[in-house]
């Protein structure tokens, strides 16, 4: 016998969906009133991960205690509930979670009564080959917030080279910080840019302002942070040292979206790695916090070992690279050499904190 859904989870589900079907093309009202009869409830609390492991979108690893929780439920009309369960290959978990997140965000925005929404400066960090849908990105700020100002940073590495492009980015950010009043120093960063420039962007912003970093979730085509996902496996921090080397530097490898192989000899080799690197590794802001914490631990270890330079080889999302830049303290740490992967090897791109 299947356990019933708790009343508190049903109340939360119906309230956040405003009593409407969460399918993006439906929005049907799920409670119908009749002048001379009782209201009719048409909505159904559909499971995102099926209650049974063999059911549609079943997952044997999902904790059974959370199957009936609000995070694993979506409010749908009977037609769309039947549709997603009859065609689970057409409607995988990621699609349904996106429906829920975007529908509830739409409800919040539609019902918000904030007379003075909090203003942000949205920074769109792009590459010549990868452009950002600025309206879709700014919508991720959510109700009660709005992009009062925008800044587009568009790299032209092929035309200007790394040095000139980095200098241009630095001048633009320094001018922005100087021109922004302290009470308006709130920056929402959306990046599809090159990794070395993303690290530099985070480094330039540092702790000089309030910064909120967003990540583009390619499967859902959204900048909204999804809800209801299982916690990501913990990252690993590994260290190895070479006894004989004339290079008192540290190699720091970050394997999040792909495995970074050991690089040319350095005194210390440290790796921060996901157990199973994938381009879908990042789905929570908490992961950025954990990543920054491990990065700071690695830098502390590098300082303790007396290394005079850090070579950073990073395979991961741009949001994580920005978090790295923000966590790097130039007064405490040795110079940071940034590399970009160009098949089949990593190539030096930029240097931070060079005397």
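Throughout, read-outs are computed from the coordinates displayed, never taken from laboratory work. Note that the structure is predicted; figures quoted are calculated from it, not measured. Glycine also receives a Cβ, built like all others from the backbone with ideal geometry; neighbour counts cover every protein chain displayed.
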> Considering the zone a paramagnetic label at residue 40 would reach in this model (a point 7 Å from Cα along the Cα-to-Cβ line), which residues of segment 72-88 have amide N under 14 Å from it?
Replying inline: 78-79
> Taking the chain as a Gaussian network, Cα atoms linked when under 10 Å apart, which of 292, 69, 22 shows the biggest mean-square fluctuation?
Replying inline: 69
>> Over the chain, what is the relative contact order in percent, taking alpha-carbon pairs closer than 8 angstrom and at least six residues apart?
In response: 13
> In segment 49-104, how does Rg compare with the Kirkwood Rh, expressed as the Rg/Rh ratio over alpha carbon atoms?
Replying inline: 0.93
> Once the Cα atoms of helix 195-205 and of the chain are each reduced to a long axis, what angle between those two axes, in degrees from 0 to 90 to the nearest 10, is obtained?
Replying inline: 90
> Pairing the Cα long axis of helix 318-327 with the longest principal axis of the chain, what angle in degrees results, from 0 to 90 and rounded to the nearest 10?
Replying inline: 60
> How far is it, in nm, from the label point at residue 28 to the one at residue 111 when both lie 7 Å from their Cα along the line to the Cβ?
Replying inline: 2.1
> Considering the chain as a Gaussian network with a 10 Å cut-off on Cα pairs, which listed residue, 26, 77, 307, attains the greatest mean-square fluctuation?
Replying inline: 26
>> Suppose we keep just the alpha-carbon trace of segment 101-166; what are its Rg and Dmax in angstrom?
In response: 15.8, 47
> Taking the Cα centre of each part, how many Å lie between segment 320-355 and segment 84-134?
Replying inline: 31
> Using the beta-carbon distance between residue 8 and residue 146 and R0 = 35 Å, what value does 1/(1 + (r/R0)^6) give for FRET efficiency, to the nearest 0.05?
Replying inline: 0.65
>> Tell me whether segment 252-321 comes out rounded, prolate or oblate; compute the Cα gyration tensor, take square roots of the eigenvalues as a ≥ b ≥ c, and use a/c under 1.5 as the rounded threshold.
In response: oblate
>> At 0.692 mPa s and 37 °C, plugging the Kirkwood radius over alpha-carbon pairs of segment 160-290 into Stokes-Einstein gives what diffusion coefficient in µm²/s?
In response: 187
> Running Debye on segment 200-239 with equal point scatterers at the Cα sites and no solvent, what base-10 log of I(q)/I(0) appears at q = 0.18, 0.30, 0.34 Å⁻¹?
Replying inline: -0.87, -0.96, -1.09
>> I need the shape label for segment 118-214. Rule: rounded when a/c is under 1.5, else prolate if a/b > b/c, else oblate, with a, b, c from the alpha carbon gyration tensor.
In response: oblate
> With springs only between Cα atoms under 10 Å, which of 48, 302, 84 fluctuates most in a Gaussian network model of the chain?
Replying inline: 84
> P(r) of segment 1-90 in 5 Å steps, Cα pairs, percent per bin?
Replying inline: 3, 14, 22, 23, 20, 11, 5, 2, 1, 0
> Pairing the Cα long axis of helix 7-16 with the longest principal axis of the chain, what angle in degrees results, from 0 to 90 and rounded to the nearest 10?
Replying inline: 70
> For Rg/Rh (Cα atoms, Kirkwood Rh), which listed value, [x] 1.07; [y] 1.04; [z] 1.14, comes from the coordinates shown?
Replying inline: [y]
> Which semi-axis lengths, in whole Å and largest first, follow from the square roots of five times the eigenvalues of the Cα gyration tensor of segment 236-352?
Replying inline: 21, 16, 14
> Given R₀ = 25 Å, FRET efficiency for residue 297-residue 158 by Cβ-Cβ distance, to 0.05?
Replying inline: 0.10
